[in-house]
2 protein chains.
Amino acid sequence: MGVVVSLDEKKSNDGSVQPLVDLTRGDMGRVNELILSKAGSDVEMIPEVANHLISSGGKRLRPMITLAAARMFGYQGDGHVKLATSVEFMHTATLLHDDVVDESDLRRGRSTARMIWGNQASVLVGDFLLGQAFKMMVDVGSLEALDVLATSASIIAEGEVMQLAAAKNLETTEDEYLAVIKAKTAALFSAAAEVGPIIAAASRTDRQALRSYGLNLGLAFQLVDDALDYGGNAKDLGKNTGDDFREGKITLPVVLTYRRGTSEERLFWKEALENGQNDDKNLEKAKGLMTRYGALSDTVQRARHFGGIARDALAPLDASPQKDALLDVIDFCISRVN
Amino acid sequence: MGVVVSLDEKKSNDGSVQPLVDLTRGDMGRVNELILSKAGSDVEMIPEVANHLISSGGKRLRPMITLAAARMFGYQGDGHVKLATSVEFMHTATLLHDDVVDESDLRRGRSTARMIWGNQASVLVGDFLLGQAFKMMVDVGSLEALDVLATSASIIAEGEVMQLAAAKNLETTEDEYLAVIKAKTAALFSAAAEVGPIIAAASRTDRQALRSYGLNLGLAFQLVDDALDYGGNAKDLGKNTGDDFREGKITLPVVLTYRRGTSEERLFWKEALENGQNDDKNLEKAKGLMTRYGALSDTVQRARHFGGIARDALAPLDASPQKDALLDVIDFCISRVN
């Protein structure tokens, strides 16, 4: 019971986000209303900047996870809607600040807020959304949920600084890379998932299961994202292939190709990522090297590894439509890059 | 009883921050320890950047206010130390982000963090400190204190955006200017003062008294700060006279001088603040105009007005060393500019 039968009609090992979308549709309607209302301000520039990013077509995976994780344990109040909105605001604030830090011009194929309104507005509207996120969490009144989300806010910033410190350093190890994505990406997925059982007053075991699910899903998600930046079917994401290359970001495909390469090739990487020789010709050469050393497929293989851990984290839980939907999201995240 | 007699030996109408410093010395020792420990991170750059700002000799007025406001109502726990540290971290995060937004090179006579470590580090370490601030607040466990501080975080960011939107607009009215400083400066003073009675479980009336004290002290503080930027005995603050002028900031001295001036003078202001004709010669001319129209002394007069409201806010409270010290701070803030 509780198994969504229609799933079997799809290419199930490709996964799908659709069951999660369907399950959370009603609650997500309320999240979207709350997003609009809490991004509002008499200070005109705030909703302008916020809505630019909010309307840019992100999948809203994180708030859907919070909603499903609360419902999964029978939650009936409206706190999950506020927490899901908080999670999305934290994510939006991070994106606004990231664009300033990375000096990005485009996000999902559109001009970034900082290109239209300036770095200043991006920094400050990010701060505003973070403040609004905390207000909503306080409103829910769960100190445990507050603790989890506030802790993730610190960890995310720590991860971003780590990434900044490692920037353009090709000697970065896979472990160091993992520590960065664990903090900058996986911590929020983990918190988004864990606050569900928290407000549903589920058991400690259930909390740990959802936290582990979120953390490992987040790792898989970021690994695939980093692979997609060098190819794959990136178009439907609105991502610009090659962004990471042009910004000199040290992601796993680079780490693996660099370490596996010849000393001559390592010189190429240094020129490309440390010294900014990152034109399209060099991007193509980089992709060629990645293929030669199997770096993209191995990056996806790493993602599958974490996806498996996420799957096992949920395994002991009772069957439910939410559980099935969350499991399907793992495959969806990984299959984006086939 | 409770009156600090030694006060009468000083130039009492100049005020002094010394009684507050003396009263909170023990607790501030614990705040300073907590600042160092919570600004710590395995990510090297974080304590480096944070300590640069933390060690730069700010007065730490806000955390002292929180400590005194808690002790005033008999608080005996250690939550006030954590809240005071949170308040200082919120302030530090704001400064880090402000320097990026204002593109400032110097703060209190030293290079800003963004000049040494870059805008990126300033944005991200600010985010980290904000996250740490919220973690500490959650740790204290008072949802009411959390609400007050989270609300102030949103309001501060809103005020900064307001200021950004009003930037270089000489038609800004005094009311609009007041709305900006109420949000960007006074909101944190207000929250810093109000959380004292909150964790001390004082009455609603006491909370309102301290909130009003903080708000009006904050307004007076910012007004005097803005006057100091055009002169006064600014050296002991390590402030660069003329910073606001060079950044084209529309502060009250400018608003008053612009509105009271001739149309020719208004053209001068437009050239200076809107079109960047802000060399030292023009700064001297600006100061001259301010003196001619009494704009600096009227700005300080406005500060006295709010100082009076802050004083009356505390008037009904029982005598205590804390009350005396907080009253003395009002005069201290205003007398900085004599």
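For residues that are more than 20 Å from the chain's Cα centre (by Cα), within 30 Å of B:Gly214 (Cβ to Cβ) and not small (Gly, Ala, Ser), tally how many sit in the stretch B:275-297.
Qualifying residue count, the stretch B:275-297: 1.
Looking only at the stretch B:112-147, how many residues end up being more than 7 Å from every other protein chain (Cβ to nearest Cβ), touching a residue at least 60 places away in the same chain (Cβ under 8 Å) and assigned to a helix (DSSP H, G or I)?
8
Filter the stretch B:9-38 down to the residues that are of a type in the set (Gly, Ala, Ser) and either within 22 Å of the chain's Cα centre (by Cα) or modelled with pLDDT of 95 or more (or both) and list them by number.
B:Gly15, B:Ser16, B:Gly26, B:Gly29
Is it the case, given these coordinates, that B:Ala200 is within 14 Å of chain A (Cβ to nearest Cβ), surrounded by fewer than 24 Cβ atoms within 10 Å (Cβ to Cβ) and among the small types (Gly, Ala, Ser)?
Working: within 14 Å of chain A (Cβ to nearest Cβ): no; surrounded by fewer than 24 Cβ atoms within 10 Å (Cβ to Cβ): yes; among the small types (Gly, Ala, Ser): yes.
Spelling it out, it is not the case that B:Ala200 is within 14 Å of chain A (Cβ to nearest Cβ), surrounded by fewer than 24 Cβ atoms within 10 Å (Cβ to Cβ) and among the small types (Gly, Ala, Ser).
Restricting attention to the stretch B:88-104, does a residue exist that is in contact with a Phe, Trp or Tyr (Cβ under 9 Å, 6 or more places away or on another chain), assigned to a loop (DSSP other than H, G, I, E, B) and in contact (Cβ under 8 Å) with a residue 60 or more places away in the chain?
No, the stretch B:88-104 contains no residue that is in contact with a Phe, Trp or Tyr (Cβ under 9 Å, 6 or more places away or on another chain), assigned to a loop (DSSP other than H, G, I, E, B) and in contact (Cβ under 8 Å) with a residue 60 or more places away in the chain.
When you go through A:Ser6, A:Ser56, A:Ser41 one by one, which is the residue that is assigned to a helix (DSSP H, G or I) and either modelled with pLDDT under 80 or under 28 Å from A:Gly77 (Cα atoms) (or both)?
It is A:Ser6.
Please specify each residue of the stretch B:246-260 satisfying the condition of being modelled with pLDDT of 95 or more and basic (Lys, Arg).
The answer is B:Arg259, B:Arg260.
Being under 28 Å from A:Glu48 (Cβ atoms), surrounded by fewer than 22 Cβ atoms within 10 Å (Cβ to Cβ), small (Gly, Ala, Ser) and under 20 Å from the mean Cα position of the chain (by Cα), is that true of even one residue in the stretch B:177-190?
There is at least one residue in the stretch B:177-190 that is under 28 Å from A:Glu48 (Cβ atoms), surrounded by fewer than 22 Cβ atoms within 10 Å (Cβ to Cβ), small (Gly, Ala, Ser) and under 20 Å from the mean Cα position of the chain (by Cα).
Report yes if B:Thr185 is under 27 Å from B:Gln322 (Cα atoms), among the polar types (S, T, N, Q) and within 7 Å of chain A (Cβ to nearest Cβ), otherwise no.
Details: under 27 Å from B:Gln322 (Cα atoms): yes; among the polar types (S, T, N, Q): yes; within 7 Å of chain A (Cβ to nearest Cβ): no.
Spelling it out, it is not the case that B:Thr185 is under 27 Å from B:Gln322 (Cα atoms), among the polar types (S, T, N, Q) and within 7 Å of chain A (Cβ to nearest Cβ).
Can you tell me which residue within the stretch A:148-164, out of those that are among the β-branched types (Val, Ile, Thr) and at the interface with chain B (Cβ under 7 Å from one of its Cβ atoms), is surrounded by the most Cβ atoms within 10 Å (Cβ to Cβ)?
A:Val161
Would you please name the residue that is surrounded by the most Cβ atoms within 10 Å (Cβ to Cβ), looking only at residues in the stretch A:91-111 that are within 10 Å of another protein chain (Cβ to nearest Cβ) and modelled with pLDDT of 80 or more?
A:Leu96
Please verify whether the stretch B:217-231 includes one or more residues that are among the aromatic types (Phe, Trp, Tyr) and either surrounded by fewer than 21 Cβ atoms within 10 Å (Cβ to Cβ) or assigned to a loop (DSSP other than H, G, I, E, B) (or both).
Going through the stretch B:217-231, the residues among the aromatic types (Phe, Trp, Tyr) turn out to be B:221, B:230.
Right, trim to either surrounded by fewer than 21 Cβ atoms within 10 Å (Cβ to Cβ) or assigned to a loop (DSSP other than H, G, I, E, B) (or both) and you get B:230.
Yes: one or more hits.
Do we find that B:Met136 is under 18 Å from A:Val100 (Cβ atoms) and surrounded by fewer than 24 Cβ atoms within 10 Å (Cβ to Cβ) in this structure?
no
Can you pull out every residue in the stretch A:33-56 that is surrounded by fewer than 16 Cβ atoms within 10 Å (Cβ to Cβ) and in contact with a Pro (Cβ under 6 Å, 6 or more places away or on another chain)?
Once the filter is applied, which keeps residues that are surrounded by fewer than 16 Cβ atoms within 10 Å (Cβ to Cβ) and in contact with a Pro (Cβ under 6 Å, 6 or more places away or on another chain), the stretch A:33-56 yields only A:Gly40.
Limited to the stretch B:302-338, what total is found for residues that are touching a Leu at 6+ places or on another chain (Cβ under 9 Å) and farther than 30 Å from B:Thr205 by Cβ?
Residues in the stretch B:302-338 being touching a Leu at 6+ places or on another chain (Cβ under 9 Å) and farther than 30 Å from B:Thr205 by Cβ: 2 in total.
Which of the residues that make up the stretch B:324-338 are part of a helix (DSSP H, G or I) and either within 19 Å of B:Gly196 (Cβ to Cβ) or not acidic (Asp, Glu) (or both)?
If the condition is that a residue be part of a helix (DSSP H, G or I) and either within 19 Å of B:Gly196 (Cβ to Cβ) or not acidic (Asp, Glu) (or both), then B:Asp324, B:Ala325, B:Leu326, B:Leu327, B:Asp328, B:Val329, B:Ile330, B:Phe332, B:Cys333, B:Ile334, B:Ser335 are the ones that fit.
Does any residue of the stretch B:219-238 turn out to be under 30 Å from B:Ala70 (Cβ atoms) and among the aromatic types (Phe, Trp, Tyr)?
yes
Out of (1) at pLDDT below 90; (2) over 17 Å from the mean Cα position of the chain (by Cα); (3) assigned to a helix (DSSP H, G or I), what's the single condition that is false for A:Lys168?
Unmet for A:Lys168, out of (1) at pLDDT below 90; (2) over 17 Å from the mean Cα position of the chain (by Cα); (3) assigned to a helix (DSSP H, G or I): (3).
Collect the residues in the stretch B:308-323 that are buried (at least 19 other Cβ atoms within 10 Å of the Cβ) and assigned to a helix (DSSP H, G or I), keeping them in residue-number order.
B:Ala310, B:Ala313, B:Leu314, B:Pro321, B:Gln322, B:Lys323
The values are calculated or read from the model by the stated rules, or taken from the named source; none is laboratory data. What you are looking at is a predicted structure, and each value in this text was computed from that prediction instead of being measured. Ideal geometry is used to build each Cβ from the backbone, glycine not excepted, and the neighbour counts take in all protein chains shown.
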